[in-house]
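Single-structure report; data block below.
The values are calculated or read from the model by the stated rules, or taken from the named source; none is laboratory data. Predicted, not measured: the structure shown is a model, and the values here were computed from it. Counting neighbours? That spans all protein chains shown, and the Cβs are built from the backbone with ideal geometry, glycine included.
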């Protein structure tokens, strides 16, 4: 069978607190029994999923499965691009979510587990979605860029993700992020930021966070951008104002429910190009990873990537 007709799974064996490596042989057997030939490779460290994906696409594979959490998915998505363009415009991504946050699959309305994943393959459910791109400074001060499918968060979210990713996630996605969020809220200091959308300065001052959302969910199930769509050609930009820790904790349940947009001090905008700067160190979270900090420049590539779901 030609490589272009086979699936290639890029697997983070350490995701889901290491259970992915233990369970992958079981999943591989099920996929084979259902008639889906799978080649695969385990990642060995940060950035490896991107390098593997680039290599296999150049080798001729066209169907890629990301097996792991949102961070693994983000690295795989970045592997679809080289020199600012898709390596193969015909390539497709399927997401077998087996990690902590599992936020993107909520926007795709995909349930966790092998059976829902197999059902998506059987039905041939796929769509062409937008991809965000962000230019930022990495944690060593070098300017770099990254693609993302779900949500980028500047401020509190960056500090929360940095904290959660340094701790055990045995408690599961929602509880791990909830506890990390509460600790971060109690210790976080709001930042002075400036935000431009499509060339217009729309905010300047002290605030908590700015979310640049393609998908709807962050932090293990917080519906931060309830009106966002993955294929509408626009970001939803959600700004949380200069809230105190007590105010944020009081309204935290509303963020999970997606009813927080009516809270005074929460503002929502839509646009394709976003520039965020800060007079202080403001950490960036992209798809559950914390790769750098402001200043940031965002752009949207409309309907460019084929995703199953």
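Here are some notes:
- Hits in the range 108-124 (condition: touching a strand residue (DSSP E or B) at 6+ places or on another chain (Cβ under 6 Å) and touching a residue at least 60 places away in the same chain (Cβ under 8 Å)): 120
- Across the range 27-54, the number of residues qualifying as over 24 Å from residue 150 (Cβ atoms) and either touching a helix residue (DSSP H, G or I) at 6+ places or on another chain (Cβ under 6 Å) or touching a residue at least 12 places away in the same chain (Cβ under 8 Å) (or both) comes to 8.
- Every residue from the range 9-38 that is over 17 Å from residue 72 (Cα atoms) and touching a strand residue (DSSP E or B) at 6+ places or on another chain (Cβ under 8 Å): 27, 28, 31, 32, 36, 37, 38
- The helices (runs of 4 or more DSSP H) falling completely within the range 64-123 that include 3 or more residues that are crowded, with 22+ Cβ neighbours inside 10 Å and at pLDDT 95 or above map to 70-79.
- Filtering the range 124-146 to residues that are surrounded by fewer than 21 Cβ atoms within 10 Å (Cβ to Cβ) and not in a loop (DSSP other than H, G, I, E, B) leaves 126, 127, 128, 133, 135, 137, 138, 143, 144, 145.
- Residue within the range 39-52 that is at pLDDT below 95, touching a strand residue (DSSP E or B) at 6+ places or on another chain (Cβ under 9 Å), surrounded by fewer than 16 Cβ atoms within 10 Å (Cβ to Cβ) and farther than 28 Å from residue 217 by Cα present: no
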